[in-house]
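Working notes, structure below.
The values are calculated or read from the model by the stated rules, or taken from the named source; none is laboratory data. Everything numeric here is computed off the predicted structure, so don't read it as measured data. Positions of Cβ are backbone-derived with ideal geometry, glycine not excepted, and every protein chain shown enters the neighbour counts.
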Amino acid sequence: MNSNAKDIINKSNPLSIVIPVFNEEESIKQLYSEICQVGKENNIEFEIIYVDDGSTDGTFRIIEDIYNADKRVKAIKFRKNKGKAAGLAAGFSVSRGDFIITMDGDLQDDPAEIPSLLKKLDQGYDLVSGWKIKRKDPLSKRIPSLIYNKVTSLLSRIPIHDFNCGLKIYRRDVIEKLRLYGELHRFIPVLAKWEGFSIGEVKVNHRKRRFGKTKYGFSRFFKGLFDFITVLFLTKYMKRPLHFFGIIGLLSSFSGAAIIIYLVILKLKKFSYLSNRPLLFIGVMLLIIGVQFISIGLIGEMITRTHSKENNFPISKRLGE
């Protein structure tokens with residue numbers, strides 16, 4: 001990390017570390033201690049922003065204790081579980097730094113990698129994602145993740161290995177452009193690349209889970225598939241949905257119209273009956289489907305014009321400014 005980065009990370013503009021947590025009462029204190037140690041050893045000024053995603057254990061009580069002892073800590077508590085994307089978005093909204101790091105709260109992400117992320121970002125990237133090259137997860141989690149990363153890299157044409165690594169660093173310009181909801185946190189590099197930002201990757205240490213159990217099951221694989229379809233649509237047609245639905249609608253309408261015209265000509269020339277021909281029903285069906293797709297596209301255009309970009313989080317408590 002050169003002097004430029006060190007000048008930016010100071011008391012008035014600290015490094016922001018956003019940590020979404022859900023039922024991680026056993027990990028919170030140790031993670032906080034490790035972050036403080038890394039900050040002290042590398043002379044990094046920082047703030048920690050915990051986002052409690054509706055925990056039902058003592059997670060937020062422990063966060064309150066840490067906050068009372070250290071005003072570098074901020075916290076937000078959701079009334080109910082809203083997912084990691086909402087947690088990240090809420091944390092981003094109260095962060096102050098020009099550089100923002102995200103990490104999971106289960107101790108599998110190693111705070112000792114913070115200097116490596118800063119160093120890589122300082123090479124000119126806008127977003128740097130960690131690569132858990134020696135992942136300490138069970139096979140049932142590693143295999144779906146491997147498939148997901150390969151497919152996402154191939155289709156998005158972003159040459160990184162670990163899209164879903166929680167350990168990332170961003171420049172503020174990136175988070176101000178991102179709008180996260182649902183499960184879109186998995187595709188942050190794709191969304192950032194679409195906005196024109198440069199994406200880098202750095203190998204990071206990954207640790208075994210010490211407490212509790214993973215919050216993700218195999219159903220995550222199928223959710224990821226649907227979310228990737230969403231991202232492909234958002235990155236290409238978010239501002240012009242009619243271009244997507246309209247093309248399908250026009251092709252369907254033209255096909256249906258061509259079939260109907262053909263049958264009408266056949267009827268006029270040969271005086272044959274059309275009511276008993278399946279092709280007639282196919283033509284009518286295609287015509288109706290085409291009109292529906294075009295209508296969906298028009299409705300999408302209207303929603304796009306009027307949609308608000310503000311996020312509303314069900315927050316029950318806040319700690320810090």
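Candidates are the residues of the stretch 121-147 that are in a helix (DSSP H, G or I) and over 18 Å from the mean Cα position of the chain (by Cα); the one that is surrounded by the fewest Cβ atoms within 10 Å (Cβ to Cβ) is LEU139.
Here the helices (runs of 4 or more DSSP H) wholly within the stretch 165-272 that include at least 1 residues being at pLDDT 75 or above and under 21 Å from LYS82 (Cβ atoms) are 172-177, 188-194. Those helices (runs of 4 or more DSSP H) of the stretch 4-120 in which 1 or more residues are more than 22 Å from LEU178 (Cβ to Cβ) and without any contact (Cβ under 8 Å) to a residue 40 or more places away in the chain occupy 28-41, 59-69. Among the conditions (1) over 22 Å from GLY105 (Cβ atoms); (2) without any contact (Cβ under 8 Å) to a residue 60 or more places away in the chain; (3) polar (S, T, N, Q), SER145 misses just one, which is (1).
Restricted to the stretch 46-64, and to residues there that are of a type in the set (D, E, K, R) and under 12 Å from ASN23 (Cα atoms), the residue that is farthest from the chain's Cα centre (by Cα) is ARG61.
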